[in-house]
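See below for the structure under consideration.
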Amino acid sequence: MKYLAVLFLVFFTVGCSNSAYHRQIGTGPITLSEPAQKSFERYLDSNPAVFAITKDGSTSWGWYYCPENNGCRGNNFVSMAPAIKSCEERAHGKPCKVYAIGRNIVWKTEEVETGS
């Protein structure tokens, strides 16, 4: 049973470093609106896990935090889904991407080329 748990942990960790993880990170120029910036500051005052926002930086945002001793801090990939879902529920059809993980802004301000 321990072997199975370790094997699952290894596969899950390797899976988090794949392109699915990186596709959730926002890219391109972004400026947060004043309300979005205030929400980001409240997020930073919590026990932050992931902050997501629409590409325009103002339409919608959502974040997910880790309750104390929850154990989600080490698994940002899992924390991305609730933050993105929270954002997209109020985004009027616009997609949301991850802006910050923990206290680090991860949004790539330069577009990343993808092979077609």
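The values are calculated or read from the model by the stated rules, or taken from the named source; none is laboratory data. No experiment lies behind these values; they were computed from the predicted model shown. For neighbour counting, all protein chains shown are included, and Cβ atoms are generated from backbone atoms with ideal geometry for every residue, glycine included.
Odds and ends about this structure:
- Leading residue by the ranking (modelled with the highest pLDDT) among those in region 33-45 that are of a type outside the set (Gly, Ala, Ser) and surrounded by 17 or more Cβ atoms within 10 Å (Cβ to Cβ): Phe40
Here's the yes/no breakdown for (1) touching a strand residue (DSSP E or B) at 6+ places or on another chain (Cβ under 8 Å); (2) at positive phi; (3) at pLDDT 90 or above:
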position	(1), (2), (3)
Val6	no, no, no
Asn47	yes, no, no
Ser58	no, no, no
Gly71	no, yes, no
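- Inter-residue pairs, beta-carbon under 8 Å, first within 16 Å of Asn104 (Cα to Cα) and in region 34-60, second assigned to a loop (DSSP other than H, G, I, E, B) and β-branched (Val, Ile, Thr), 6+ apart: Ile53/Ile30
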